[in-house]
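Working notes, structure below.
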Amino acid sequence: MRFVVAALLVCGCRGSFGEPPYAVVPIGGDPDRGAELIRANRCGACHTIPNVRGAHGVVGPPLTQFALRTFIGGELPNTPQNLIRWIVDPRQIEHATAMPKLGLTEAEARDVAAFLYTLR
């Protein structure tokens, strides 16, 4: 019985076993440009980011398996639209976040989001 309860709790938090909690829809960004923007804006100074050389920061959360996460910033559902909003101006969503506004355009944020959704 305890195993069944534990399994239900895990499934309730993440969807079915091993599946993302939602289907990621194409967002029109370029993941290669997104990776370049991540490097150029030094996102790895705060985050650990797979496939980005030198991105071993520990100030912000690691971005490993980002596409499988349920929430952005601990409170927004992880959808492409919400992720783009967060990247453009995180403090508009969570005023106390340590993540700075990087000055990225919506198109650049879409590219960064496209890269982050490759991290499974």
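Key figures for this structure:
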item	result
Test: residue in the stretch 83-96 that is closer than 11 Å to Ile27 by Cβ and either among the hydrophobic types (A, V, I, L, M, F, W, C) or in contact (Cβ under 8 Å) with a residue 12 or more places away in the chain (or both)	yes
Those residues of the stretch 84-111 which are under 13 Å from Cys43 (Cα atoms) and of a type in the set (A, V, I, L, M, F, W, C), in sequence order	Ile87, Ala98, Met99, Leu102, Leu104, Ala109
Test: residue in the stretch 36-51 that is touching a residue at least 40 places away in the same chain (Cβ under 8 Å) and among the small types (Gly, Ala, Ser)	no
Candidate set: the stretch 57-113, residues that are among the small types (Gly, Ala, Ser) and over 10 Å from the mean Cα position of the chain (by Cα); chosen: the one nearest to Gly34 (Cα to Cα)	Ala109
Of residues in the stretch 5-60 being touching a Pro at 6+ places or on another chain (Cβ under 7 Å) and outside any loop (DSSP other than H, G, I, E, B), the one modelled with the highest pLDDT	Thr48
Residue count for the stretch 41-89, restricted to those that are closer than 15 Å to Met99 by Cα and among the hydroxyl-bearing types (Ser, Thr, Tyr)	1
Hits in the stretch 69-120 - residues which are surrounded by fewer than 18 Cβ atoms within 10 Å (Cβ to Cβ), aliphatic (A, V, I, L, M) and part of a helix (DSSP H, G or I)	Ile93, Ala107
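The values are calculated or read from the model by the stated rules, or taken from the named source; none is laboratory data. Keep in mind the model is a prediction, meaning the values are calculated, not measured. All Cβ positions, even for glycine, are placed from backbone atoms using ideal geometry, and neighbour counts span all protein chains on display.
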